[in-house]
Each structure stands twice: as C-alpha cells, then as structure tokens.
Amino acid sequence: MNIKINSNFDQLSENYLFSEINKRINNYKGKNKDADIIKLGIGDVTLPLGKKVIDALLKASNEMGKKDTFRGYPPEYGYDFVKEAVLKYYKKFNVNLDLESVFISDGAKSDLGNIVDIFGDNPIYIPNPVYPVYLDSNLMSGRNINYIIGNEKNNFLPLPNDEIKPNSIIYLCSPNNPTGGAYNYKELKEWVDFALNNGSLIIYDSAYEAFIFNNDYPHSIYEIEGAKKCAIEICSFSKQAGFTGLRCGFTIIPLELESQNHKINKLWKRRQATKFNGVSYPVQRAAEAALSDDGIKECIENINYYRENARMLSELFDEKNIFYTGGLNSPYIWFKCPNKMTSWEFFDYLLENANVVGTPGAGFGTFGEGYFRITSFNTHEKTKEAIERLRKVL
Ligand code: PLP
C-alpha cells in the first residue's frame, strides 16, 4: 500500500506511561512473588454506581424491549430530559443556561479531542503538566502548541501572562489532573477577563467539578461574569457519578459565543450531527437519575469516601513537610519527589521500598518531572496501609 497517512501523527510521543508502569510492576512481581502491592496510581473510580442510577438503567432498558416504549436513534445533541437535568444542576451554582447550549456526549474525552474540528489554525496554549488529551488532539491536527507552565511558585495553577498571543485557544483544567489544584473565583476571573480582553477562547475542562466542596472555588466557569462570551465548558459524569464504564458527559457552548461572524454553538451542532449519533437512551436516563436530588446524594456519598482518602494522604504530606498540591477539592495529590529524584526514579524507589505504586509526574508533561501523582480511588484500608508504608520511606 502507498497511501499517504496523516503525518501529524509522527509528532506524537509514544503513549507509554501506563504500559511502562505495568511493565515495571510485573518485573518486580516476577522477582518478588509475595509482594503485596498497593496501587495509588488508579485514575478510575472504584465504587459501584448508586441505586438511583441502576434503577433508571434497568427501567430504560426494559422500555427498549417493549413496542410502545422502544426508542431508536437518540437526538445527536441529547434528550431534553437530561439537558434539563443539567440546567437544574447548574442553577445550584446560580448559572442559568439555555437548553440549546448543552450537548450530551459519551464522555469528556471525546469532546475534548473532537472540539479541535471546528477551529482553524490558532495559537494553542496548554498547561504543563496536564491531562495529555489536549496536547495530543492538537498535535494530531497539526497545531502549534505553546505551554503555560505550572510550577511550585504558582502552585501548579498558572495565571495569564503577557506572552499569550491574542486570539488564542487556552485550555484550563480545574480541578486539575494531575496536580489536584483548583482555581478559586479570583484566579478564574483573571483568566476570563484576560480572554475577553485579548480575544481568546478558553476550553474549560471541569471533569472533577463534583470534588469541589469549598465555597471559594467555582464549579463552573460560567459563575464568572463574561465567561459565556469566551468559554466552552466540558464536563463528565465519570468522576461525579462513577460513569467511567457507562460513558456520558456534556459540553456547554453558550449561544453568546461568536467568532468571525460564526456562532460556535452552530458549528458544534453541525459537527456533532455529522460525526456523532448520540448517547444510548438507558445511559441518558441513568445520567438524568444521577442529577436528581437523591442521585446527587448517592454520588456525594461516594465522593466523600474518596475525599476521606485524599484527606488522610494530605495529612501525611503536611506531617512530612513535603511540597504538595491537591487533596482538598480533588481525588489527586501531587507532590515533590524527595532527594531530587526524577519521577521514574521515585516510582522505582516506592515500588521497591514500600510496594506502593503511583504515577510519575513526567507522564503529564516536561514540567511534571520531579513530581509524582497519587490518587484516592483505593479503599480506606489499603490507603491507610499505604500511608503507614509511605511514612517509613519518605
Ligand atoms: N478530563 C480530565 C481532566 C480527566 O482526567 C479525564 C479522565 O480521567 C477526562 C477528562 C475524561 O473523562 P471521560 O471519562 O468523561 O471521558
């Protein structure tokens, strides 16, 4: 065969983070058969779905088996019943949205990857370190990437700077994966004001929004005045309601968002209608249930379980006086590797000396080198045991 491929794919680095982690664990286990390894690298939820969600799934699945209630293709942008549930949820944060601004998806990752379809060749600004999807999806479409650097000085929460060119696309992730940091109202307002002034668009990933429990932090960028004129918000039921296996999320593109005489909302509608056929009816009913009052209570119970793990882990880093971020409004804790170890050196050190596994910060960008991410998605028992082991080796 001699067909041309998309040569932008040559720009991507090997996606080796988790395969390399598993390789090192398996090597170690090969030599230490009885090792009781505790995984604090898990980026996936572990608690089962709530009863409300399961009831809704079962009911909707049964409807699909009866002539009177069977449904075929769902609307490409989502059923109104779930979009209305999203609107009601946002009212809790005093955000009023138009029904048409909400697009139901099969998860945040798809929309974060696909959103590049509707934009031309603009300067792109991506935090470093951060969730790798923003970078890779822009590289695949041949974009030039600039970084907004996270470091200890800014607590891994970079703010706008004068080097950001006008009319850029800026990615923000709050609460952040991997650093666990979240922008407070004041900081997010700086970004919104900046974007409004220099004609930029913010793509705001709020996948971990449900972990915010502190009133100083916004749940949505639209809590900030003016954001509807400069921001797209992409959210997910994955971490909020444990939908990583069910798959559902949503993207908000306000009707106010315009560029070069184009409504961004209309472009996304066109894109979705062409390339996406909607989310299955039972899953959308499950998402609606997750946003009901009782559904939210069940979700919060699970989130509180993870949050307690995060709190216990944070205490250890306070006690040891080790620099860290996250743990408060996030399932992630991001800390500095001791003794100037690189993040992979520290990975091996922890595996060999404590039989604890986490994720090397270098996997999230060059500025993650020398840092390490651990998560709160394991059980209380395993997390406590891991803390005891970490206490001895840190
Ligand atoms: N955004 C961030 C920051 C994430 O960490 C993840 C998943 O880990 C996602 C988006 C993907 O979410 P979804 O499961 O909805 O595709």
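Per-structure values
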{"read-out": "Of the criteria (1) part of a helix (DSSP H, G or I); (2) surrounded by fewer than 18 Cβ atoms within 10 Å (Cβ to Cβ), which one TYR89 fails", "value": "(2)"}
{"read-out": "The range 59-82, subset part of a helix (DSSP H, G or I) and free of Cβ contacts under 8 Å to residues at least 24 places away in the same chain, residue farthest from ILE253 (Cα to Cα)", "value": "ASN62"}
{"read-out": "Candidates ILE203, ILE164, ILE118, ILE145, filtered to the one that is farther than 30 Å from GLU301 by Cβ and within 16 Å of the ligand (Cβ to nearest atom)", "value": "ILE203"}
{"read-out": "Residue match in the range 31-53 (condition: in a helix (DSSP H, G or I), under 30 Å from ALA354 (Cβ atoms), within 16 Å of the ligand (Cβ to nearest atom) and touching a helix residue (DSSP H, G or I) at 6+ places or on another chain (Cβ under 9 Å))", "value": "no"}
{"read-out": "Check on GLY181, of a type in the set (Gly, Ala, Ser), assigned to a loop (DSSP other than H, G, I, E, B) and either away from the ligand (no atom under 16 Å from the Cβ) or out of contact with any Ser or Thr (no Cβ under 6 Å at 6 or more places or on another chain) (or both)", "value": "no"}
{"read-out": "Search result, residues across the range 121-141 that are more than 12 Å from the ligand (Cβ to nearest atom) and touching a Ser or Thr at 6+ places or on another chain (Cβ under 8 Å)", "value": "ASN122, PRO123, ILE124, TYR125, ASN128"}
{"read-out": "Residue pairs meeting the criteria (Cβ under 6 Å; at least 6 apart or on separate chains; first free of Cβ contacts under 8 Å to residues at least 40 places away in the same chain, in the range 186-210; second acidic (Asp, Glu))", "value": "TYR204/GLU233; SER206/GLU233"}
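Residues checked against (1) surrounded by fewer than 21 Cβ atoms within 10 Å (Cβ to Cβ); (2) under 18 Å from the mean Cα position of the chain (by Cα); (3) among the β-branched types (Val, Ile, Thr):
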position: PHE213; (1), (2), (3): yes, yes, no
position: GLU225; (1), (2), (3): yes, no, no
position: PHE237; (1), (2), (3): no, yes, no
position: PHE250; (1), (2), (3): no, yes, no
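Each value in this text was obtained by applying a stated rule to the coordinates, not by laboratory testing. Not measured: the values here are computed from a predicted model. Cβ coordinates were reconstructed from backbone atoms using ideal geometry, including for glycine residues, and neighbour counts include every protein chain displayed.
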